[in-house]
């Protein structure tokens, strides 16, 4: 009977140590991923939301052109015959398309800002900054895990 209780005690001790170890590992090593802070809402500004969507639709063709150029460049890299001149030409074209897209996007943001009240600008651009900070944080966490 005493032997049975000792075995039961040992098994219980092993499970308790395992449980505590997992708890410590998860709280210290694998810190929980917290959700991003709540974003300020644009619910009270329907005309601003419509304006933003309109600007997005205007940028879409430039974005599609850039992505197509990027895919073409990747396809060229994948080809079995290495042609450095062709690759440089495709890279230059891709970079130009990206630059055009970014410039147009910047111009549209400036135009959008001209029509915003200070409160709308604060809400809209704080959301953009929160999004980029959250994405940057996510990328850094993935890199740390590797």
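The values are calculated or read from the model by the stated rules, or taken from the named source; none is laboratory data. Source: prediction; values computed, not measured. Note that each Cβ is placed from the backbone with ideal geometry, even for glycine, and that neighbours are counted across all protein chains shown.
Computed values, structure above
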item: Any hit, the range 49-71, residues being out of contact with any helix residue (DSSP H, G or I) (no Cβ under 6 Å at 6 or more places or on another chain), modelled with pLDDT of 80 or more and within 27 Å of residue 141 (Cα to Cα); result: yes
item: Residue count for the range 76-113, restricted to those that are farther than 21 Å from residue 60 by Cα, loosely packed, with under 14 Cβ neighbours inside 10 Å and in contact (Cβ under 8 Å) with a residue 12 or more places away in the chain; result: 0
